[in-house]
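The structure appears below as structure tokens.
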Amino acid sequence: MKNNIELKIYKAIFYMLLIAAIVVIGMIIFKYGSNQKNEIESQEAVAAFSNLDFSKNEGESGSQKQLQYKGYDIIGIVKIPKINIEYPILEIGDIDPENAKKPMKLSIIKYWGEKVNDYGNLSIAGHNNKDGTMFGKTKKLEIGDIVELTDLTGQTIKYSIYDIFVTDPNDVNILLPKDEKIREVTLITCTNGNKARLILKAKEM
């Protein structure tokens, strides 16, 4: 009798673990599938941006109809050749963490700064996705690697990474420009289980 009860308990535990494993695997597959779908759509947005007639913006920024991606204005493109990524940069307005959650699932967002390729520091943020999408591969970057930004005039500027460090999520010093007279870009992504931020700073070559 005792053996039968123990057997039933073991079976119940086994089935519970099996169900839990199936649920976890299903969630992973769903998230991976969502990421891959978003990758395809974001690359379509990059292609659409590349096909814009930038001559319409000469002399008067914004004279061309603003290209959007899922309801957010595309203000430029970020490309990092070494890790083979290229994404639209989205303007989200308010940088409140709650307001940033939705657009950060879609692409790279402008976190702080003025226009793409303006003088001063432009800070852009992206998720550290485990499948390597978004800024998931930025940990492979090194001093001297190149970040390319294309703005609404069609101008592409290359930036060289000069500093890489991990800091507290509330560190606002990362937003400050090193020099208002030079162009800078700061890449921001989470690390250490979202308890810290990986920061990569680059300046115009």
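The values are calculated or read from the model by the stated rules, or taken from the named source; none is laboratory data. Every value quoted in this text rests on a predicted model; they were computed, and no experiment measured them. No Cβ is skipped: glycine too gets one built from the backbone with ideal geometry, and neighbour counts run over all protein chains shown. The area values use the complete protein model at the heavy-atom level, side chains included, leaving out ligands, DNA and RNA. Shrake-Rupley method; radii C 1.70, N 1.55, O 1.52, S 1.80 Å.
At-a-glance table
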{"quantity": "Boolean, residue 85 is at pLDDT 90 or above and in contact with a Leu (Cβ under 6 Å, 6 or more places away or on another chain)", "calculated": "no"}
{"quantity": "Filter result for the condition that a residue is within 13 Å of residue 113 (Cα to Cα) and hydroxyl-bearing (Ser, Thr, Tyr), over 186, 191, 167", "calculated": "186"}
{"quantity": "Residue that is nearest to residue 50 (Cα to Cα) [pool: residues in the range 154-205 that are of a type in the set (Phe, Trp, Tyr) and open to solvent by 50 Å² or more (accessible area, probe 1.4 Å)]", "calculated": "162"}
{"quantity": "Subset of the range 138-147 [surrounded by 15 or more Cβ atoms within 10 Å (Cβ to Cβ) and in a loop (DSSP other than H, G, I, E, B)]", "calculated": "141, 145"}
{"quantity": "Complete set of residues in the range 152-195 that are under 17 Å from residue 75 (Cα atoms), out of contact with any helix residue (DSSP H, G or I) (no Cβ under 9 Å at 6 or more places or on another chain) and either of a type in the set (Asp, Glu) or not in a strand (DSSP E or B) (or both)", "calculated": "184"}
{"quantity": "Scope the range 108-125; condition at pLDDT below 95 and buried (at least 19 other Cβ atoms within 10 Å of the Cβ); matching residues", "calculated": "111"}
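This table checks each residue for (1) on the phi > 0 side of the Ramachandran plot; (2) in a helix (DSSP H, G or I); (3) modelled with pLDDT of 95 or more.
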position: 62; (1), (2), (3): yes, no, no
position: 75; (1), (2), (3): no, no, yes
position: 136; (1), (2), (3): no, no, no
position: 149; (1), (2), (3): no, no, yes
